[in-house]
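Colleague: If you scroll down you'll find the structure; I have some questions about it.
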Amino acid sequence: MTIGNHSFFMTNLESLTLLSTTSDIGRSAFGGCQNLKNVSIEPGLVSLPVGIFGGCISLESVLLPSTLTSVGSGAFAGCDTLESLAIPDSVSFIGSAAFSGCESLVSFQLPTSLEATGDRLMQDCTSLTSIILPEGLTAIEANSFFGCTSLETVSFGSVGSIGNSAFGHCSALKEISLPEGLTSIGQSSFTMCTSLAQIKFPSTLGMIPARSFQGCTTITSLSIPDGVTTLEGRCFAECLSLKGVQFGSTTTFVAIFSFIDCPLLESFTVSESNPSLTSSDGVLFADQTLLRYPVNHPDTSFDLPPSVTRIEYGAFQGAKNLTNLGLNEGLLEIGTQAFQGAESLSQLTLPASVSVIDPRAFANAPRISSIDVNPASNSFTSVDGVLFDQAGETLIAYPGGHPASSYQIPTGTLRLSDSAFNSAQNLTQIDIPETVNDLGNGTFTDCTSLTSINLGDQLNTLGYNLFLGCSSLTSLEIPPNLFGIGNSAFKDCHSLESVTIPDSVETLGFGVFQNCTSLRRVNLGVRIGRVNNGTFEGSQNIEVISISGSYRPFSSGSFEGVPSSTVIEVPTFWQHNQSDVRRFWGRLLKRLPAVRFAGDEAHIDVDYSINLFPPTWMKFEFSTDLETWQPVEEVILRYQTFVVPKNSPIFSEGKCHFRVRIEAP
């Protein structure tokens, strides 16, 4: 007997017995039968097809035949009330998501003959407490047990590989012993296993990949065994209880941010036989590079060893106890974000040997009040604690904790490095001389006290994230010769009230005015060629956006997050098509069109087409002062022109302005 695809899909079956004469069943044959509670299948059937019982949310008991060899993808997916299921030992393959979302499944044993499975095998089986993987299974596919939040124990058998996110968010898993012979684990394989306290790695594992144990907040110590050569980025990020890490003899590469956001980390130790890594006083080194200073290192002072020539990207990031850092002569290079978040570090003196400094090395270091330079340096100089290149043409870094409330950039400075004033928390005013022609990117990010800045007239562009998070900035005069404003340039400027974009500007980046919660009015110049998605998102109080140009610069997401009450002022001569009006649904379009008198009628040319826009979508309003608006009555649509009788009361008021409200159907 054969049962076709979807034969009983979403029917009212309550009980089902498949006889031994059943030889073939189609896809989802009984899927979605929400009243089905009991299923019994007699021996004879070899394969359960894709989705056969998927979505049978009342299913309570299932008896599978001993002749079964495979279970198809999604066969029992979403069977919410199924608490137990015995898979016969004859089964060698189970497809993707076969038991995904079986939230009540507690008792479950994989067959001993199982050789392979698809991905998402038991994803979101939130009641499952334990699992034993059979010896014949060589691979755990991606997301197989993701979201099994009650899973406490896993016996891994002889698996050789574990896929991406295979045990992600298994928040009850307390310890794992990965088997010898395991050669690879995937990215995020055990991420957010928040109860995981102990991990035993096999010697056969060569790499710990990105985010594999991120967010395992209970781990207090780690021992990386011989055999592991590589730790990828964020592999142990956000391990909030981690205090110590011990490396064996074979680890040669530890990626940037492998241990980022581990606030209790105190020390690294390295096997003496390791040829690539070393540790000294709990600090991790690779050859002549300082890789990582533990964020919770107990000492308040640290001097770089004489052999160090480079400080790695983020090396001192978040070092919360360090107040004094001695930099050695012989140091050549300081990487980006090297001191970011070093909340107690107050002063630095750069040795003469330093020749390369990433412009963001001092970003978000809120306590550094002065960056001094050895006078013998041929590369850098310090002026009142502010770091410049030797020629004084590039301002590299203004210390975040500098005590001054105002700063005049010296005349002769040509450019500001990226993030130069990042988190300069005491500055309220900055004056930029006419000599500066390049402000960089993210230059004033998180200058939270900055209320005013004089940009000068010589700039051509404003870079991305330029004033991001300048929450006290109330107003800004944008230079008249500017032609571009970068992504998120004014994002999170919560006090900014109005902005006028000069006629020279051609482009606005993504999210330029995102979350400017006090912004009331934006005037866009005549040359704006495009307003990108999310430009005004989250700026909930904008009242007017005025557009001067003839080009229609908007995309469907230009006004995301802007309230429907916002008035969009547009030129009289704009031509609109259906796509344009869809972008303005629920907005106010205000224009000042010329009125042509013809006999006893007034013709208002607003350039809308009767073939595209039902007149009921449009509400005409008039005003004599641009403040109070009243509805226009007796509007007639004739030959694509809106006509108002000449004797209408709107003409008795003298000078009159019109606007059109586009209402979504």
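The values are calculated or read from the model by the stated rules, or taken from the named source; none is laboratory data. All figures in this text were calculated on a predicted structure; none of them were measured in a lab. When we count neighbours, we look across all protein chains shown, and the Cβ atoms used for this are built from the backbone with ideal geometry, even at glycine. The accessibility values were calculated without ligands, DNA or RNA, using every heavy atom of the protein model including side chains. Shrake-Rupley method; radii C 1.70, N 1.55, O 1.52, S 1.80 Å.
Colleague: Could you compute the FRET efficiency for Arg521 and Gln458, with r as their C-beta to C-beta distance and R0 at 30 Å, rounded to 0.05? Write out the running numbers ahead of the final one.
Modeller: Values: r = 26 Å, r/R0 = 0.88.
About 0.70, to the nearest 0.05.
Colleague: Between Glu135 and Ser195, with labels modelled 7 Å along Cα→Cβ, what's the label distance in nm to one decimal, could you check?
Modeller: Inter-label distance under the simple model: 3.0 nm.
Colleague: Cα-based Rg (one decimal) and Dmax (whole number) for the range 277-382, in Å?
Modeller: Both quantities, over Cα of the range 277-382: 12.5, 35 Å.
Colleague: Would you compute the Debye intensity of the range 84-175 from its alpha-carbon atoms alone, equal scatterers and no solvent, and pass along log10 I(q)/I(0) at q = 0.26 Å⁻¹ to two decimals?
Modeller: Log-scaled intensity ratios, in q order: -1.60.
Colleague: To continue, here is another question. Send over the Kirkwood Rh of the range 440-500, from the inverse of the averaged 1/r over different Cα pairs, rounded to one decimal Å.
Modeller: Working: mean 1/r = 0.0879 Å⁻¹.
In the range 440-500 this quantity evaluates to 11.4 Å.
Colleague: Moving on. Under 1.5 on a/c is rounded, so check that first for the range 4-95, then, if it is not, pick prolate when a/b is larger than b/c and oblate when it is not; a ≥ b ≥ c are the square roots of the alpha carbon gyration tensor eigenvalues.
Modeller: Working: a/c = 1.44, a/b = 1.29, b/c = 1.12.
Verdict is rounded for the range 4-95.
Colleague: Grab the alpha carbons of the range 477-529, take their convex hull, and tell me the volume per residue in Å³.
Modeller: Values: hull volume 3.3 nm³, N = 53.
Per residue, the Cα convex hull of the range 477-529 comes to 62 Å³.
Colleague: Another question, if that's okay. Can you tell me the length gained on complete extension of the stretch Ser92 to Thr183, counting 0.36 nm per residue apart and subtracting the Cα distance? Spell out each step's value before the answer.
Modeller: Numbers: separation 91, 0.36 × 91 = 32.76 nm, distance 2.28 nm.
Fully extending the segment from Ser92 to Thr183 adds 30.5 nm.
Colleague: So, with a 1.4 angstrom probe, what is the percent of accessible area on the range 202-295 that is carbon and sulfur? Each step should come with its number before you reach the end.
Modeller: Values: 1710 of 3400 Å².
Within the range 202-295, the accessible surface is 50 percent carbon and sulfur.
Colleague: Which percentage, to the nearest 5, of the DSSP beta bridges contained in the range 184-314 is antiparallel?
Modeller: On the way: 7 of 21 bridges.
Once the DSSP bridges in the range 184-314 are tallied, antiparallel ones form about 35 percent.
Colleague: Largest first, how would His402, His6, His169 line up by accessible area (1.4 Å probe)? Walk me through the intermediate numbers first.
Modeller: On the way: His402 30, His6 100, His169 75 Å².
Putting His402, His6, His169 in descending order of accessible area: His6, His169, His402.
Colleague: Got a sec to turn the phi values of the range 159-167 into Karplus ³J(HN,Hα) couplings, 6.51 cos²θ - 1.76 cosθ + 1.60 with θ = phi - 60°, whole Hz, x for Gly and Pro?
Modeller: 3J(HN,Hα) across the range 159-167, in whole Hz: 4, x, 8, 10, x, 4, 6, 4, 10.
Colleague: If you wrap the range 77-135's Cα atoms in a convex hull and average its projection over all directions, what's the area in nm²?
Modeller: Numbers: hull surface 13.7 nm².
Averaged projected area of the range 77-135's Cα convex hull equals 3.4 nm².
Colleague: Once you wrap a convex hull around the alpha carbon atoms of the range 129-183, what is its projected area averaged over all directions, in nm²? Before the final figure, lay out the partial values.
Modeller: Values: hull surface 13.0 nm².
Mean projected area for the range 129-183: 3.2 nm², to one decimal.
Colleague: What is the Cα centroid distance between the range 359-388 and the range 454-481, reported in whole angstrom?
Modeller: Value for the Cα centre distance between the two parts: 24 Å.
Colleague: Right, next: Given H placed on each backbone N at 1.01 Å, which residues far from Ile25 in sequence or on other chains put an amide H within less than 5 Å of it?
Modeller: Answer set, sorted by chain and number: Ile3.
Colleague: May I ask you to give the solvent-accessible area per residue for the range 507-552, in square angstrom, as obtained with a 1.4 angstrom probe? Could you put the intermediate results ahead of the total?
Modeller: Working: 1800 Å² over 46 residues.
Computed with neighbouring chains in place, this is 39 Å² per residue.
Colleague: Something else about it: Rg and Dmax of the range 423-556 over Cα atoms: what are they, in angstrom?
Modeller: In order Rg, Dmax, the Cα atoms of the range 423-556 give 13.7, 43 Å.
Colleague: Also, I was wondering about something else. Over all alpha-carbon pairs of the range 400-440, lay out the pair-distance distribution in 5 Å bins, whole %, shortest bin first.
Modeller: For the range 400-440, the pair-distance distribution reads 6, 23, 29, 26, 15, 1.
Colleague: Dividing the convex hull volume of the alpha carbon atoms of the range 1-160 by its residue count, what do you get in Å³ per residue? Mind showing how you got there, number by number?
Modeller: Values: hull volume 12.8 nm³, N = 160.
Per-residue hull volume (Cα only) is 80 Å³.
Colleague: Quote the FRET efficiency, to the nearest 0.05, computed for Phe253 versus Ser405 with a Förster distance R0 of 51 Å and r equal to the Cβ-Cβ distance.
Modeller: Working: r = 45 Å, r/R0 = 0.89.
Efficiency, from the Cβ-Cβ distance: 0.65.
Colleague: Something else about it: Computed FRET efficiency, Cβ-Cβ of Glu42 and Ser150, R0 22 Å: what is it to the nearest 0.05? Intermediate results must be reported in sequence, preceding the final value.
Modeller: Numbers: r = 33 Å, r/R0 = 1.52.
Working from the Cβ atoms, E equals 0.05.
Colleague: Give me Rg/Rg_expected for the range 395-465, where Rg uses Cα atoms only and Rg_expected = 2.2 N^0.38 Å with N residues. Before the final figure, lay out the partial values.
Modeller: On the way: Rg = 11.0 Å, N = 71, 2.2 N^0.38 = 11.1 Å.
After normalising by residue count via 2.2 N^0.38 Å, the value is 0.99.
Colleague: Ignoring ligands, DNA and RNA, what accessible area per residue does the range 376-465 give at 1.4 Å, in Å²?
Modeller: The answer is 37 Å² per residue.
Colleague: Here's another thing I want to ask about it. Of the heavy-atom accessible surface of the range 357-509 (probe 1.4 angstrom), what whole percent is carbon and sulfur? List each step's numbers first, then the result.
Modeller: Values: 2340 of 5680 Å².
Using a 1.4 Å probe with all protein chains present, the range 357-509 comes out at 41 percent carbon and sulfur.
Colleague: Provide the percentage of antiparallel DSSP beta bridges, counting only those with both residues in the range 384-486; round to the nearest 5.
Modeller: On the way: 2 of 13 bridges.
Close to 15 percent.
Colleague: What is the sum of charges around Leu473, taking Lys and Arg as +1, Asp and Glu as -1, for the other residues whose C-beta is under 13 Å from the C-beta of Leu473? Mind showing how you got there, number by number?
Modeller: Values: positive: Lys491; negative: Asp446, Glu477, Asp492, Glu497.
Computed value for this residue: -3.
Colleague: If you don't mind, there's one more thing I want to ask. Over the Cα atoms of the range 316-371, what Rg and Dmax result, in angstrom?
Modeller: Looking at the range 316-371, its Cα Rg and Dmax stand at 10.5, 28 Å.
Colleague: Would you mind working out the accessible area per residue for the range 243-354, using a 1.4 Å probe, and quoting it in Å²? Numbers along the way, then the final one.
Modeller: Details: 4220 Å² over 112 residues.
It amounts to 38 Å² per residue over the range 243-354.
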